[in-house]
Every structure is written in structure tokens, then in C-alpha cells.
Amino acid sequence: MDLDTRFAYFYFDGSLDPIEITRRTGLSPAAIIKQSESSLPVTKTQRNLWKLRSRLDLEAPLESHVKDILDQLDANKNEFVELSRELGGTMQLVSYSRENEPGLYFDQRTMSRIAEYSLRVNCNFYNFR
């Protein structure tokens, strides 16, 4: 990997209907996985996925990726707030970096926006040299 790479995505997972989420939000996701359509065995705890990805270049700051996801959610804010409270929406942050400890800073406005959606935030930061 030659360049530092950063991206973010938002997702719902669990026993949900991804097609229904698309219908309710009016947004086309980056990915949908329905357990019954995959090669994985169907279990009592069926795990489906609805995922929305940042539209920015992989070199953009992670904070900008988060803001882009939030802007997409804002397109149908009331529905996403309701769905996130029902299903537990997650903001996933990923960074591959040559720095020892890549930093992350969110201003108060961004933190408030994350809180409005009752989002969980999961960070995966990887260092390579």
C-alpha cells in the first residue's frame, strides 16, 4: 500500500430486511446482503446487512468521510433517525496509515450529528511501514 487510505461507511445489520430499508430511506446502498441469498447457512440469528459508503476519495481526511455519510443520512433524516434507533446504526471508520498513531478529531457539530442518529462508532486503524 503506497498511500494512506481512509474511508467510512454506515450500516445496519441483523435480522432486518435490507430491501425495506432501501424503500423507507429512498437511498441506494453500497451493499446489501441477505443471508438467505448468500452461500452461508441460514441460522436462527439471521444476519443481513444494509451499507452506505462515503463518496469521497480514499485520501480524504477521515473526518470528511464521516461528514459525507452524515450528509447522505440527512437526505431522509427522520427515517434514518427512526431506523437507527430501531436497528442500531453503526458508523464504521477505517484507516490504513504509515503514522504511528493516526489522529481523529470531530468538532462539536459533527459529534451532535452523530448523536442525533444514535449511532455506534467503530474504529479500525491499521499501521503499516
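Inspect segment 5-24 for any residue being aliphatic (A, V, I, L, M) and at pLDDT 90 or above and give the result as yes or no. Yes. Of the residues making up segment 101-129, those that are under 21 Å from PRO61 (Cβ atoms), open to solvent by 10 Å² or more (accessible area, probe 1.4 Å) and among the hydroxyl-bearing types (Ser, Thr, Tyr) are TYR105, SER112, TYR126. Of the listed requirements (1) modelled with pLDDT of 95 or more; (2) out of contact with any Ser or Thr (no Cβ under 8 Å at 6 or more places or on another chain); (3) surrounded by 11 or more Cβ atoms within 10 Å (Cβ to Cβ), ARG98 misses just one: (1).
The values are calculated or read from the model by the stated rules, or taken from the named source; none is laboratory data. Just so it is clear, the structure is predicted and the values come from calculations on it, not from any experiment. Glycine also receives a Cβ, built like all others from the backbone with ideal geometry; neighbour counts cover every protein chain displayed. Side chains are part of the model used for accessible areas, which takes the heavy atoms of the whole protein and leaves out ligands, DNA and RNA. Shrake-Rupley method; radii C 1.70, N 1.55, O 1.52, S 1.80 Å.
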